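Here, each number is a calculation from the coordinates, and none is a lab measurement. Since the structure is predicted, the reported quantities are computational estimates derived from the model, not experimental observations. Note that we place each Cβ from the backbone using ideal geometry, even for glycine, and neighbour counts take in every protein chain shown.
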Amino acid sequence: MSTRFAISALLFMMIQAVLFGIGAVLILATPLQGRAAELMPILVVLTMALSGGASWWLAPRLRSRFWKSSHRLTAGDKFLADIS
């Protein structure tokens, strides 16, 4: 198992929990509540897909040697470095 995969697996669970919580509140606290039985399974699948991509993208950025290496930073990397 690669280090990126291990970090990504840990991030996946946290990101999915946050996205699912936001989606559940949006569904259950709005007029969409009547269709909650239909929308909750869609929310689960959607958060799994989004969490997988987000965690795979974010995992290498959490390794210390990523920031030490000399590479070309993207605009998103520069923004994350500035706010941290």
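Any idea what the relative contact order of the chain is, in percent, if you count C-alpha pairs under 8 Å spaced at least 6 apart? The partial results should precede the final answer.
On the way: 41 pairs, mean separation 34.0, N = 84.
It comes to 41 percent, rounded to a whole number.
Ellipsoid semi-axes for the chain, based on the Cα gyration tensor and the rule √(5λ), read 33, 15, 9 Å when sorted largest first.
Report the paramagnetic label zone for LEU58: residues of the range 1-40 whose backbone N is under 20 Å from a point 7 Å from Cα along the Cα-to-Cβ axis. Correct set: 2-26. Highest GNM mean-square fluctuation among ALA54, ALA36, ALA17, for the chain modelled with Cα contacts below 10 Å: ALA36.
Which residue, LEU10, THR47, GLY34, has the largest displacement toward the positive end of the dipole of the chain when charges sit on each Cβ (Lys, Arg +1; Asp, Glu -1)? Among LEU10, THR47, GLY34, the one farthest towards the positive end of the dipole of the chain is LEU10.
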